[in-house]
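In what follows, a single structure is set out as structure tokens and then discussed.
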Amino acid sequence: MPQGIEAPASITAEGPTSHTQNQADGFDFVDATRPATNALIALTGPANAGKTYTALAMATGMGTTIGVCDTERGRASHYAHLFPFKHLKMPDFRPQTLVRALALGAQRRIDVMIIDSGTHYWSGRGGVLEQVDRTTSASRSGNAFTSGWKSIKPIEHEMWDAVMAYPGHVIMTLRVKVAYELVENDRGKKEPTKIGLKPDQRADAEYEFDFVGDLDMDHTMTVSKCSYPGLFETGERIELPNTETGHKIVQWLSEGTPMPTVQEYVDRVMRPEMTYEQLLALYQGELSQRGLLGAALFAPDTGDQTTLGGLIARIGGERKAAAEGASATPQAAQGGERNAA
């Protein structure tokens, strides 16, 4: 838990006691409701499958301000005459840089963020794999598991937390590891045809998304995962997915119960009347349960890059210290009066 916010005494390694079974910290079963959430979409495919174009087309039907974190040498700008969007050429492929870009996107109120592509943050120059190799090589042990991954895994987790907690819809394109197979053409002859394999990202990356669409060389998308019941079926093929495809997803999501946004939580945290205890309850309860503690942002009071969880920890620590100082001042004054007497 970040410095400043401390666990209450009732939450210990032994679990809740008889005095805490009413779950005053909010840890309890409640009636399930369908929230109005943001989309988390992955588009996979080989080169020239149309990942960038499809992402922009779908995003146009999902929001009003589109942003593109471009790792493809500025290639997204080729579509600037077709789709209006904000463009950021990523200077490197470190996960830390993507987190900063997401914080900037939140500050600019970009409501649909395209990460084109997420592969670079895994296997690109400066990505997770390269950082693990560098850290391992610089360590005394030379063991990737006790040095490299131990140091870099938290950085990777911070990146994914920022992606999943972004205060808007997210579309991430992913390259696939490509292979060729012999396919019989219309003349009865076999010719090598490019096929896509698994996405070039960590093995379980697809679990982080609610919707995964696999694009082929004909720009047809096959739905390989859809967590929106009744919207698309697994295995369903969508020819030339477009703005309407994105609009359908957003329409389905908007039918849920409205939930506070990250900015609304930031505004609440910054209210002077919010006490340490209230901030602690917010941190451990609602925000933890919604997975928003890792949302990347710039602190409204200092301008420093942080996370929603980090902001609460700092403000909570300051409020606690101020309260303790205020209560100690009268005692110190009384002591001074006695000494003077």
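The values are calculated or read from the model by the stated rules, or taken from the named source; none is laboratory data. Just so it is clear, the structure is predicted and the values come from calculations on it, not from any experiment. When we count neighbours, we look across all protein chains shown, and the Cβ atoms used for this are built from the backbone with ideal geometry, even at glycine. Note: areas computed on protein heavy atoms with side chains; ligands, DNA, RNA excluded. Shrake-Rupley method; radii C 1.70, N 1.55, O 1.52, S 1.80 Å.
Within the stretch 220-274, being assigned to a loop (DSSP other than H, G, I, E, B), in contact with a helix residue (DSSP H, G or I) (Cβ under 7 Å, 6 or more places away or on another chain) and under 30 Å from Tyr180 (Cα atoms) holds for Pro241, Asn242. When restricted to residues that are out of contact with any helix residue (DSSP H, G or I) (no Cβ under 6 Å at 6 or more places or on another chain) and closer than 24 Å to Pro199 by Cα, the stretch 101-119 contains 5. Annotation note: of Asp210, Asp218, Asp186, Asp204, the sole residue that is among the charged types (D, E, K, R), farther than 30 Å from Lys320 by Cβ, open to solvent by 50 Å² or more (accessible area, probe 1.4 Å) and within 20 Å of the chain's Cα centre (by Cα) is Asp204. Selection over the stretch 170-189 of residues that are without any contact (Cβ under 8 Å) to a residue 40 or more places away in the chain and part of a strand (DSSP E or B) gives a count of 7.
Answer with yes or no whether Arg73 is open to solvent by 40 Å² or more (accessible area, probe 1.4 Å) and at positive phi. Yes: the conditions hold for Arg73.
Restricting the search to the stretch 192-218, which residues are outside any strand (DSSP E or B), more than 22 Å from Ser254 (Cβ to Cβ) and either modelled with pLDDT of 95 or more or of a type in the set (Asp, Glu) (or both)?
Scanning the stretch 192-218 gives Asp200, Asp204, Glu206, Asp216, Asp218.
Residues of the stretch 85-99 that are surrounded by fewer than 18 Cβ atoms within 10 Å (Cβ to Cβ) and either in contact (Cβ under 8 Å) with a residue 24 or more places away in the chain or more than 26 Å from Asn242 (Cα to Cα) (or both): Lys86, Pro91, Asp92, Gln96, Thr97.
Any residue at all in the stretch 315-329 that's β-branched (Val, Ile, Thr) and modelled with pLDDT under 95? Yes, some residue in the stretch 315-329 is β-branched (Val, Ile, Thr) and modelled with pLDDT under 95. For the stretch 24-33, indicate whether the set of residues that are in a strand (DSSP E or B) and on the phi > 0 side of the Ramachandran plot is non-empty. No, every residue in the stretch 24-33 fails to be in a strand (DSSP E or B) and on the phi > 0 side of the Ramachandran plot. Inside the stretch 116-126, residues that are surrounded by fewer than 22 Cβ atoms within 10 Å (Cβ to Cβ), of a type outside the set (D, E, K, R) and not in a helix (DSSP H, G or I) make up a count of 2.
Do we find a residue being modelled with pLDDT under 95, open to solvent by 20 Å² or more (accessible area, probe 1.4 Å) and not in a loop (DSSP other than H, G, I, E, B) anywhere in the stretch 46-68? Scanning the stretch 46-68, I find no residue that is modelled with pLDDT under 95, open to solvent by 20 Å² or more (accessible area, probe 1.4 Å) and not in a loop (DSSP other than H, G, I, E, B), so the answer is no.
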